[in-house]
1. If a residue must be more than 29 Å from Ala291 (Cα to Cα) and touching a Pro at 6+ places or on another chain (Cβ under 9 Å), how many such residues does region 349-404 contain?
2. Could you figure out which of (1) assigned to a helix (DSSP H, G or I); (2) within 9 Å of ligand 1 (Cβ to nearest atom); (3) under 21 Å from Pro21 (Cβ atoms) isn't true of Thr320?
3. Sort out for me the helices (runs of 4 or more DSSP H) sitting completely within region 350-404 that have 1 or more residues that are of a type in the set (S, T, N, Q).
4. Taking into account only those residues within region 306-339 that are among the polar types (S, T, N, Q) and buried (at least 19 other Cβ atoms within 10 Å of the Cβ), which is farthest from ligand 2 (Cβ to nearest atom)?
5. Taking the condition touching a residue at least 12 places away in the same chain (Cβ under 8 Å) and farther than 30 Å from Pro38 by Cα, does Phe398 pass?
6. Among Asn258, Asn290, Asn277, which is closer than 21 Å to Tyr198 by Cβ and either part of a helix (DSSP H, G or I) or away from ligand 1 (no atom under 16 Å from the Cβ) (or both)?
7. Determine which single condition Pro21 fails, assuming it passes every other condition in (1) closer than 20 Å to Tyr282 by Cα; (2) more than 16 Å from ligand 2 (Cβ to nearest atom); (3) touching a residue at least 40 places away in the same chain (Cβ under 8 Å).
Amino acid sequence: MRTCRICDSALTEIMSFGDMPIANGFLTSLEEKEFLFPMTLHFCSQCYMVQLGETVPPEAMFNGNYQFVSSTSKAMADHFQGNAEEIQTRLKNVSDPFVVELGCNDGIMLKHIAQAGIRHLGIEPSANVAEMAKANGVNVSVQFFNKATAEKIKAEHGQADVICGSNVFCHIEDLNSVFEGIQVLLKDGGVLFFEDPYIYDIVKKSSFDQIYDEHVYYFSGLSVAELAKRHQLQLVDMAHQDVHGGSMRYYIQPGSQNTVTERVVEWIQKEEDIQLNDTRGYEKFKDSVNAICRDLKTMLEDIKQRGDKVVGYGATSKSTTLLNYAGIGHDLIDYISDNTPNKINKYTPGTHIPIKAYEEFQQDNARHVLLLAWNHKKEIFAKEKDFRASGGRFITFFPEVVIE
Ligand code: TMP
Ligand code: ZN
């Protein structure tokens, strides 16, 4: 029986997705052999942590060739600039503060901290994106973070006033070791904050495409409060973020006697209202995911049968889950348009749909577009105003399949 990575209790399986490729495993040639793993989602009824069953070795995902680059979207760039401003405000009265970011990617956030002349260190295990961060003027150390690395950073730089991480904590299987490192590195009165896709949004919208190999954990206030407690830390605040289809930022401080905001109480109540502390909440989720997949595939088949074509918009990591689980391949999607240079002319993992440059889409007369990058809908709809005005239509699918 599988046990919880956080507390060792027995896990309950919520859902099985079958064999899945690596979400970011875009293929250069169709001859390449793909790594597949049986993807399942599990729930711990002791500490409430939702987590993958099997995982993929981190070396297979976050290596010298990691293809997810943060700075491809203007909205995300703005979001991270906002995070940097919040850190600066918090540190206004601290002398010689020290900021550590775990998983700093291409430096999208930390470059603002560097520009403000604040002592900082980014920890980034993927060498290629770490190089981009360095080019952005950020101090980076290429390694994984744990208690041993925390000890070394502390010896060299002293303790941190702020430790943060965006879309990185959910990636780290041995999260207890990261929290042990945080216990070492975080100053008394300092703050850890991290944000990741929020399981409340995933369940509310049935947006199951957030579930893929890189995301080992799907956090809630319920589970993060328990995790913090195990490491003599305390969840003190929560702030909802409108990115990645709904994320939550958790604020954590050392000790157990800090002031806890009303927002924490309210969010945990909302989580309990949809039974995120109970397997029943997840059973309903599974049923609506299956209904969406059926509806979407039927709609695409109908369009195809009429002799029209459908193209995809945004070769996102998360679309690997949607396309593979719903059984949507090159037979239903002509190609996917993407503006990330290193994805162009590659093929989607598992489903082998060609990825083309945005310019090809602009010159195309496709009328139906499957909005795979649905989390960037606002930005994309603004950009594609003319396409929509001239009769072009986007197909979206969470919380239900709609043409708009
Ligand atoms: P993300 O949701 O994981 O950030 O991935 C978004 C993907 O969509 C990324 O590959 C870039 C692509 N994209 C476009 O092609 N055009 C756009 O306008 C936006 C916002 C994203
Ligand atoms: Zn547990």
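The numbers here are math on the coordinates, done by the rules we state, and not lab data. Because the structure is a prediction, the values reported are computed rather than measured. Virtual Cβ from ideal backbone geometry, glycine too; neighbours counted across all protein chains shown.
1. 1
2. Condition (2) is where Thr320 drops out.
3. Numbers: elements: 358-363, 377-383, 385-389.
Once the helices (runs of 4 or more DSSP H) in region 350-404 are filtered for at least 1 residues that are of a type in the set (S, T, N, Q), what remains is 358-363.
4. Going through region 306-339, the residues among the polar types (S, T, N, Q) turn out to be 316-317, 319-321, 324, 337, 339.
Still in the running and buried (at least 19 other Cβ atoms within 10 Å of the Cβ): 316-317, 319-321, 324, 337.
Values: Thr316: 29, Ser317: 26, Ser319: 30, Thr320: 27, Thr321: 23, Asn324: 28, Ser337: 41 Å.
If we take residues in region 306-339 being among the polar types (S, T, N, Q) and buried (at least 19 other Cβ atoms within 10 Å of the Cβ), then Ser337 is farthest from ligand 2 (Cβ to nearest atom).
5. Working: touching a residue at least 12 places away in the same chain (Cβ under 8 Å): yes; farther than 30 Å from Pro38 by Cα: no.
Judged against the criteria, Phe398 is not a match.
6. Numbers: Asn258 fails: closer than 21 Å to Tyr198 by Cβ; Asn290 fails: closer than 21 Å to Tyr198 by Cβ.
When all the criteria are applied, what remains is Asn277.
7. In the conditions (1) closer than 20 Å to Tyr282 by Cα; (2) more than 16 Å from ligand 2 (Cβ to nearest atom); (3) touching a residue at least 40 places away in the same chain (Cβ under 8 Å), Pro21 misses (1) alone.
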